[in-house]
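Trainee: Handing you this structure, nothing more for now.
The values are calculated or read from the model by the stated rules, or taken from the named source; none is laboratory data. What you see is a predicted model, and the numbers here were worked out from it, not measured in a lab. Note: ideal-geometry Cβ built from the backbone for every residue, glycine included; neighbour counts use all protein chains shown.
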Amino acid sequence: MSLTTALRGTPHWVCALLVLATSCWADPAQDLLHEQLATLTNSDILSTIKVLQRVGKFVLVPHKEDSPPAVPAEMDRRAGFIVFVRNYLEEVYYNTQPRPSERVQTLAAFATPDEYEPLTFALCPLGVLNDLTVTCTDLTTATGAAIPAAAVDVRFVRQLARGAGRFLWTIAPEALETFDRLQLPADRTTQFWLTVHVPPDGAPGEYHGVVRISARGLPVTELPLQLVVLPFRLQTDPAMTYGWYLAGTTPQTLPAVLADMRAHGFNAVTIGEPSVTFAADGTATGDFSSWERWYKLLKDAGMTGIHQSGVSSLSAAVVRQGPRELGPGFDTLFVAGLRAYKSWLDAHPDFHVVFTIFDEPRETLLNSWNRNFDDTVDYISLCRQVPGLRISVNPMGDTGDRKDYTPFVGLVDVLNTHAWKGSEKLIALTRQQGKPLWTYNNGYSRLAWGFSQWKLGSQGNWQWAYFAAANPNAYSPIPIGGFENEGESNTGRGPTYCFPDRIVPTPRYEWVREGIDDYRYLYTLLQALKRAPAGAAAAIDRARKLLQELSDAVPEYPAIGLQTGTEAGGSGDPARLMAMFDHFRWRIALAILELQDIEAGRDPQAAGSLWSQFSRYPFGQLPNISAEAAATRAPKTPTAGVLAVEKTVLSPGAKLLYDFETDDCLRQLETDRAGAEDPFDPDLMPARCVADLSTYGKRALFYQPQDKAGGLHFINFDGDWRGFDVLRMDLVNPTDRPVNGYLCITDANVPLPYPRAMGAYDDRFDLEAFIVPPGKYTLEVDLGGLGAKNGRLFDMSRIAKIALSLDGNRSPFYVDCIRLEKRQ
Amino acid sequence: MTALATWLLLPVLAFGQKAYLLNVQKGELPNDASAQVALTTDNPEQPDGITLKVTYGKGAFGQYNPRLKDWSSFQTMRFYVFNPAQQPVSLYLALRDKDTVDYNTRSDIPFTVQPGRNNISLPIRGAVRINGAAFDLSSIRQWFISRSAEGPDQDLYFGDIVLEGAPTTAPGPAAPSALPAPAPPSAPAAHGTIVLEGRVRIEIDTVTLQNLVAAAQAGAPSAPQPTPAPRAYVLNLAAGQLPSDNSPDVTVALSDQHAAELGGKTLRVQWARKETSFGMGAWGAGAVPFNWTGFDVLRFEAFNPSDRVLGCYMAVRDRKTGYENRADMPFRLSPGLNKIELPIGVIATNAGGTIDKANITQWYICCDQPAEVYFSSLRLENE
């Protein structure tokens, strides 16, 4: 496929891509998009999407399903659908096909009293399913204990177009919606999500019930459901803070939002600052009415963790009085305002607030909400004039623009940072100094909120953002309150969708709750270990070995994913990897039971003990993956699906800048990193000339990015571009999905702060919005009037550099035949 | 009109620099919008084109942290806007630089969108803060376009928003640029004032000029006259105008009470607190002349139904005066009917300077105590 685009004029390739999507990709995705758009009440959103589609800035990417179509068994044909059970940590898309091991007919889970536990299954309809209902009976034990059906929340997973990169959307499972009856078209795989809330006083034991699936004209299908309730309650670590950065609220819905957060294990939010006014003598008076409201709301919701506020509003209030920020006269008023804060907090000792000094300190490219290291330290000094005021900073990493941020650790009460290698020193120092460590923005994985928090020694995890403003158009795929970053999605970001009349959780919000529960299981075990009597040495030893095994499996940083060795990760099978969570959770539960038995003077191995009563259940088993199945799910090579590309023919009079036929071209490349010694360092920028997928001659350049940001820099080429109309370059996207591209051009007049820079943002040409489909794609840049964003026209006799990257420098690509041509 | 029509046929001056702030044609949306914004192809004036539909109720649209922050080499902001309604709409462009911390430290450029097609060209060079201090165009942190006064929802359709540099000396086709010229040509606006040579010589400020152009293009029956009329209204109650720049504790309403004494519709003003005010800004709802030159007295009647004497003053500001060095013109309202004449031949500021009558940005009337007063229309007249 060869698609080209011009920077001016209609992007015809977009039409081709859309036609391709319509003709080759599954219609269910388009149907689901239409259903999503039909929920919207604001016609302006539809109009905008229509225009964005027209200009190629709203592209629907199909979900690629690896498994072959499932063959229905006789019982499936009678039922009218194939039912299958997949680990809820793995998403079920509209075209997902069940794996053989997933075609089971039972649901099973374990939980503790007052715990929420998800159980899911999915249907592949063999025809249209009309008036589909899914209900659950009461769950009962042989001894007569019961969990009422009302304690089982039954929802279906609505699939919505959500962001898959700038200007790209994919239909994906997003919203857990309640329903009475559904109409499901044939072949639209749909997941159903049951959440059991075990009553706080739920008796331990083995509960059974039935999930009934009924559709008009079809027999009722029954799925047996087994729930084992364990004989202990999970303990909550009082030092642990789980918090949301709140983005917008609606007073009417806020109580429900907070209650929902609490039910998901959260105990803290960000709250705005009180407004402060100053008298002529410098006396500060705070209007704490907003905090009074927060105090009551959060207390009512049981959100009793440490909330985050800031000092930026106070700083602005002082500046409005006349002093420059941190200048003469600023300190007195600022500290007076802080004292007002502290006085109010002293009067509310059960309301815990830490003040974060602005946001994410940095040394360059500061937003209005950022401050540099020196200013942040100045603010800390001022805060320290108010004893007892708890303060925090949240540097993104150990350094910012080469500035060492580790001194922050010694200056604050709580250090908040990303859980990644870039914060290695901050994390280590904070633990070393015995200060509370918080982490933030580590994503929605179960790992990040649970086992990883324990491994890090963190006492808090925060996530941007909970969008709590009630919105009837919450399912809009595009932002509707401003577009902070062009091409970004409205869907797929937050934990819920807040409508005026309901809060719709996402699967990832449920994953987060399970992560928090993982932590509570661990905490409960650790407390049991502390209480364990001396005679429990063997059980203690077993528990410690289990913790060590878990520690080995949990990575230093959550983004890495579990380290489970060849038994899971090596097989490439996500089902086995996901099963690891409950595998460890079940073993932790059994270890707790064993210690409970010992604490109560029972022999865990003896009949009647808790351990022996519950250890017979086969929870936590890892699925067996056959070699054949594993092979089909092995990680794809970069060139999967792209075997050959059409050759390019140069137009008469073309000037070839690069053909990549020899390694000499590597001297015309540049590593995008300040401080690198060699202009081209293959370790930092792994590009090499390869024989694969060449569009001109025999070789192309293959680029496999390693670092976020930056990209491939072309230098030392013939910079005299006069007399040509267009720059063309052949790209081959070897992946199976479209990706967003970025191109930058500078001339020799652009000042460079360091040799490998591309120059100031305003003073260069940037093309930030082109989509590279899978396969070959020829990028075109019109040269007429080529210039910088600030309007400066380039010196076309001295073009100096070209930078190129795909998908934020995360996606590999081939590039070949970079040339200047005249339009025919 | 003849001179104006002739002028409209002149070649468009060439511009040396041009940069897009918002490339609507390429599907770019503002990243900062509290007004409802949408891309649309439903603009009745450009049915096949892509425009940005902005529905003004409350709110504004613009860019926060714009990609292009250094505007110091540009002269004007230029864009097309279509107003499908029958009434003009008053808007303002607000600019915030790195030192802007509040309303007083930003820079506002008011303008009016006439019914139909408008080619707006706003002079950004020489922008000053509301408080009169210098503004730094090299460090733009935010810009937005807002409606001056709240009102019923109003749709406006915007085209690409571009910055342009100084015009070259020779008229002719546009200089080569990386960016295509916006569809509708616009009136040039180099330094805030443009001199036209022809059968008549007129000097008008840029904002008024673009209104003249817009009115002519929209086929308006008449454009504002370049010479002052014998009477103009600061506040025209007969036309249903209300003051739009009022303190929170002040209530204003059109009334028929005391109509006989005050000559028609009256304005009932209730000051709930002392030292609060009602009035209008230069960004007000179209009733405030930008130019008070040619008038030497501001007249109105007021009926004070109480038995107390009220101490009042009218405050006036121009683009370069801040709160402290505004012009205060005191007057007293005795019980019953009062006829007020405020001399405005030269308006002295509190700091000893003079108000630039061609650029009045705000007036308001303040009372020294809680009170209720009925006002007539406020008129600009000559002795």
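Trainee: In the range A:416-444, which residues are free of Cβ contacts under 8 Å to residues at least 24 places away in the same chain and within 15 Å of the chain's Cα centre (by Cα)?
Mentor: Applying the first criterion (free of Cβ contacts under 8 Å to residues at least 24 places away in the same chain) to the range A:416-444 yields A:417, A:428-430, A:432, A:434, A:437, A:439, A:441.
Matches in the range A:416-444: A:439, A:441.
Trainee: Kindly provide the set of residues from the range B:24-34 that are more than 12 Å from residue B:67 (Cα to Cα) and either more than 7 Å from chain A (Cβ to nearest Cβ) or not charged (D, E, K, R) (or both), ordered by number. I'd like the intermediate steps shown before the answer.
Mentor: Going residue by residue through the range B:24-34, those that are more than 12 Å from residue B:67 (Cα to Cα) are B:24-29, B:32-34.
Correct list: B:24, B:25, B:27, B:29, B:33, B:34.
Trainee: Mind counting the residues in the range A:44-69 that are more than 8 Å from chain B (Cβ to nearest Cβ) and surrounded by fewer than 19 Cβ atoms within 10 Å (Cβ to Cβ)?
Mentor: Counting residues in the range A:44-69 that are more than 8 Å from chain B (Cβ to nearest Cβ) and surrounded by fewer than 19 Cβ atoms within 10 Å (Cβ to Cβ) gives 8.
Trainee: Based on this model, can you work out whether residue B:111 counts as away from chain A (no Cβ under 14 Å) and in contact with a Lys or Arg (Cβ under 7 Å, 6 or more places away or on another chain)?
Mentor: No; evaluated as a whole, the condition is false for this residue.
Trainee: Would you confirm, using the coordinates I've provided, whether residue B:112 is of a type outside the set (D, E, K, R) and touching a Ser or Thr at 6+ places or on another chain (Cβ under 6 Å)? Steps first, please.
Mentor: Working: of a type outside the set (D, E, K, R): yes; touching a Ser or Thr at 6+ places or on another chain (Cβ under 6 Å): yes.
Criteria met by residue B:112.
Trainee: Surrounded by fewer than 23 Cβ atoms within 10 Å (Cβ to Cβ), in contact (Cβ under 8 Å) with a residue 12 or more places away in the chain, farther than 21 Å from residue B:24 by Cα and within 14 Å of chain A (Cβ to nearest Cβ): is that true of residue B:98 in this structure?
Mentor: yes
Trainee: Please return the ranges of strands (runs of 3 or more DSSP E) entirely within the range A:81-141 where 2 or more residues are over 21 Å from residue A:576 (Cα atoms).
Mentor: Fully inside the range A:81-141 and qualifying: A:81-84, A:116-125, A:129-136.
Trainee: Residue A:455: farther than 15 Å from residue A:269 by Cα, in contact with an Asp or Glu (Cβ under 9 Å, 6 or more places away or on another chain), touching a residue at least 24 places away in the same chain (Cβ under 8 Å) and surrounded by fewer than 19 Cβ atoms within 10 Å (Cβ to Cβ), yes or no?
Mentor: No: the conditions fail for residue A:455.
Trainee: Looking at (1) over 19 Å from residue A:270 (Cβ atoms); (2) surrounded by fewer than 20 Cβ atoms within 10 Å (Cβ to Cβ); (3) at pLDDT 95 or above; (4) in contact with an Asp or Glu (Cβ under 9 Å, 6 or more places away or on another chain), find the lone condition where residue A:390 falls short.
Mentor: Exception for residue A:390: condition (1).
Trainee: Which ones in the range A:211-254 are under 30 Å from residue A:142 (Cβ atoms) and assigned to a loop (DSSP other than H, G, I, E, B)?
Mentor: If we filter the range A:211-254 for residues that are under 30 Å from residue A:142 (Cβ atoms), which is where we start, we get A:211-214, A:219-235.
Result: A:219, A:220, A:230, A:231, A:232, A:233, A:234, A:235.
Trainee: Evaluate the range A:585-595: report whether one residue or more is assigned to a helix (DSSP H, G or I), among the small types (Gly, Ala, Ser) and closer than 30 Å to residue A:446 by Cα.
Mentor: Yes, because at least one residue in the range A:585-595 is assigned to a helix (DSSP H, G or I), among the small types (Gly, Ala, Ser) and closer than 30 Å to residue A:446 by Cα.
Trainee: Follow-up. Go over the candidates A:493, A:513 one by one and state the one that is within 19 Å of residue A:440 (Cβ to Cβ), surrounded by 21 or more Cβ atoms within 10 Å (Cβ to Cβ) and away from chain B (no Cβ under 14 Å).
Mentor: A:513
Each row is one residue, and each column tells you yes or no for (1) in contact with a helix residue (DSSP H, G or I) (Cβ under 6 Å, 6 or more places away or on another chain); (2) more than 14 Å from chain B (Cβ to nearest Cβ); (3) in a loop (DSSP other than H, G, I, E, B).
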site: A:771; (1), (2), (3): no, no, no
site: A:776; (1), (2), (3): no, yes, no
site: A:779; (1), (2), (3): no, yes, no
site: A:789; (1), (2), (3): yes, no, yes
site: A:805; (1), (2), (3): no, yes, no
site: A:810; (1), (2), (3): no, yes, yes
site: A:816; (1), (2), (3): no, yes, no
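Trainee: Determine which member of the set A:442, A:490, A:461, A:471 is outside any helix (DSSP H, G or I), modelled with pLDDT of 95 or more and not hydroxyl-bearing (Ser, Thr, Tyr).
Mentor: None of the others qualify; the one that does is A:461.
A quick yes/no check of all residues on (1) surrounded by fewer than 16 Cβ atoms within 10 Å (Cβ to Cβ); (2) in contact (Cβ under 8 Å) with a residue 24 or more places away in the chain:
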| site | (1), (2) |
| --- | --- |
| A:105 | yes, yes |
| A:125 | no, yes |
| A:131 | yes, yes |
| A:136 | no, yes |
| A:148 | yes, no |
| A:176 | no, yes |
| A:184 | no, yes |
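Trainee: For the range A:791-803, which positions are outside any loop (DSSP other than H, G, I, E, B) and either within 14 Å of another protein chain (Cβ to nearest Cβ) or in contact with a helix residue (DSSP H, G or I) (Cβ under 9 Å, 6 or more places away or on another chain) (or both)?
Mentor: First, pick out the residues of the range A:791-803 that are outside any loop (DSSP other than H, G, I, E, B): A:793, A:799-803.
If the condition is that a residue be outside any loop (DSSP other than H, G, I, E, B) and either within 14 Å of another protein chain (Cβ to nearest Cβ) or in contact with a helix residue (DSSP H, G or I) (Cβ under 9 Å, 6 or more places away or on another chain) (or both), then A:793, A:799 are the ones that fit.
Trainee: Let me ask you something else. I'm checking my understanding of the structure. Among residues of the range A:445-458 that are hydroxyl-bearing (Ser, Thr, Tyr) and within 17 Å of the chain's Cα centre (by Cα), which one is modelled with the lowest pLDDT?
Mentor: A:445
Trainee: I'm told residue B:105 meets every condition in (1) hydroxyl-bearing (Ser, Thr, Tyr); (2) within 13 Å of chain A (Cβ to nearest Cβ); (3) touching a residue at least 40 places away in the same chain (Cβ under 8 Å); (4) surrounded by 17 or more Cβ atoms within 10 Å (Cβ to Cβ) except one. Can you identify the failing condition by its number?
Mentor: Result: residue B:105 fails condition (3) only.
Trainee: Regarding the range A:808-817, can at least one residue be identified that is surrounded by 19 or more Cβ atoms within 10 Å (Cβ to Cβ), of a type outside the set (Val, Ile, Thr), under 18 Å from residue A:654 (Cβ atoms) and in contact (Cβ under 8 Å) with a residue 60 or more places away in the chain?
Mentor: yes
Trainee: Where residues in the range A:11-43 are within 11 Å of chain B (Cβ to nearest Cβ) and at pLDDT below 50, which of them is nearest to residue A:818 (Cα to Cα)? Even if it seems obvious, please write down each step before you answer.
Mentor: At the first step, the residues of the range A:11-43 found to be within 11 Å of chain B (Cβ to nearest Cβ) are A:11, A:14, A:42-43.
Now narrow it down to the ones that are at pLDDT below 50: A:11, A:14.
Values: A:11: 20, A:14: 22 Å.
Filtering the range A:11-43 for residues that are within 11 Å of chain B (Cβ to nearest Cβ) and at pLDDT below 50, the one nearest to residue A:818 (Cα to Cα) comes out as A:11.
Trainee: Is it the case that residue A:413 is under 26 Å from residue A:261 (Cβ atoms), over 24 Å from the mean Cα position of the chain (by Cα) and surrounded by fewer than 20 Cβ atoms within 10 Å (Cβ to Cβ)?
Mentor: Yes: the conditions hold for residue A:413.
Trainee: Given the options A:764, A:722, name the one that is within 14 Å of chain B (Cβ to nearest Cβ), surrounded by 20 or more Cβ atoms within 10 Å (Cβ to Cβ) and either closer than 24 Å to residue A:810 by Cβ or among the basic types (Lys, Arg) (or both).
Mentor: Values: A:722 fails: surrounded by 20 or more Cβ atoms within 10 Å (Cβ to Cβ).
Every option except A:764 fails the conditions.
Trainee: Inspect the range A:273-294 for any residue being crowded, with 19+ Cβ neighbours inside 10 Å and within 30 Å of residue A:195 (Cα to Cα) and give the result as yes or no.
Mentor: yes
Trainee: Hey, can you tell me all the residues within the range B:35-74 that are within 7 Å of chain A (Cβ to nearest Cβ) and without any contact (Cβ under 8 Å) to a residue 12 or more places away in the chain?
Mentor: Within the range B:35-74, B:41, B:42, B:67 meet the criteria.
Trainee: Listed residues A:783, A:743, A:752; which is away from chain B (no Cβ under 13 Å) and touching a residue at least 12 places away in the same chain (Cβ under 8 Å)?
Mentor: A:743
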